[in-house]
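In what follows, a single structure is set out as structure tokens and then discussed.
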């Protein structure tokens, strides 16, 4: 299958590109390499050395399968985006090309506007191009569980749609689950849902929207094949995810930094499962297109304090409970349905000691790149 992967140079996009190439698919990555530029802007780079994209692609072709690359900004260069879709005739397009950090989206006016313009324009440009070029293209989008928001009184969150009774009619209907974004980043993912709903309703576009949990882990079997294929390892307060940050802090004898009391419950997923769930969604594309297919791409639910205690017990680390810079509940409940992906064969990887130790080994091997100043550089909002 010919697949175009937008944002394929990023933390989730790169290992997914390799997984799909290893499965025999023909991959074209489109990326404007903006994440690398943000490293320079923030003076905070990946602990692992990320090779120039040309070396990454060359190594991928040597060790895994056919992957090509084109540098295109899909939010700005619509003509190049449309041409590459016309020329390559993909069966599937995967949309990773969105600024993925909630803290980054809240840094200042500049980052708020960039996140809106990059994420919303990019997603809309892809949908509009598909309408004109080939409505049979399957669009797979990596969203976030954050569109649902968090509450103290949650029932089990369904996959995208909520069945509600219509007053005075005796009837019910499915609606998109009401959104409750907690940042500009989450706002863009919420708006993506409306874009998808409209394009599906008006033109029948085949769309899968994956509401993903917080990712932990760094490597996959494919990224381990060569040092040139290694994935990003972000540990800072802007792009680092909580478990990866805690392990890095523990290895570098830094207290684990917990915001508030750590009562925030979140959905989590291992990076291997990210790649596998997207593969399952791509390869199982025979579904009813009367509405957008939505899956909750999650493996388990844990609180921040649970994770901190696991790491603290394993490494003897102190825990610093800090004032929370974010406007969020100190504690929340969370139960999530992930039946859709399980019906396709998804077998979640749960947090375990062996995988924690894999991250530990990588963190130890990159200790020279650890900068204490980047641990607490998250903005307040």
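The values are calculated or read from the model by the stated rules, or taken from the named source; none is laboratory data. These numbers come from a predicted model, not from an experiment. Note that we place each Cβ from the backbone using ideal geometry, even for glycine, and neighbour counts take in every protein chain shown.
Quick check on my filter: what residues within the stretch 329-355 are out of contact with any strand residue (DSSP E or B) (no Cβ under 6 Å at 6 or more places or on another chain), at pLDDT below 95 and either surrounded by fewer than 16 Cβ atoms within 10 Å (Cβ to Cβ) or assigned to a helix (DSSP H, G or I) (or both)? Selection gives 333, 352, 353, 354, 355. Applying a threshold of 8 Å to beta carbon distances and a minimum spacing of six or more residues, or different chains, the list of pairs starting in the stretch 79-108 at a residue that is without any contact (Cβ under 8 Å) to a residue 24 or more places away in the chain and ending at one that is crowded, with 24+ Cβ neighbours inside 10 Å and part of a helix (DSSP H, G or I) is empty. Going by the conditions given, is residue 179 in contact with a helix residue (DSSP H, G or I) (Cβ under 6 Å, 6 or more places away or on another chain), surrounded by fewer than 18 Cβ atoms within 10 Å (Cβ to Cβ) and part of a loop (DSSP other than H, G, I, E, B)? The answer is yes for residue 179.
Considering the stretch 202-217, and only residues there that are touching a helix residue (DSSP H, G or I) at 6+ places or on another chain (Cβ under 6 Å) and in a loop (DSSP other than H, G, I, E, B), the residue that is farthest from residue 20 (Cα to Cα) turns out to be 205. Evaluated against (1) in contact with a strand residue (DSSP E or B) (Cβ under 9 Å, 6 or more places away or on another chain); (2) surrounded by 17 or more Cβ atoms within 10 Å (Cβ to Cβ); (3) assigned to a helix (DSSP H, G or I), residue 266 falls short on exactly one condition, (3).
For the stretch 270-288, filtered to residues that are touching a strand residue (DSSP E or B) at 6+ places or on another chain (Cβ under 7 Å) and buried (at least 20 other Cβ atoms within 10 Å of the Cβ), the residue that is farthest from residue 347 (Cα to Cα) is 282. When residue 145 is tested against (1) in contact with a helix residue (DSSP H, G or I) (Cβ under 8 Å, 6 or more places away or on another chain); (2) buried (at least 22 other Cβ atoms within 10 Å of the Cβ), just one condition goes unmet, and that condition is (1).
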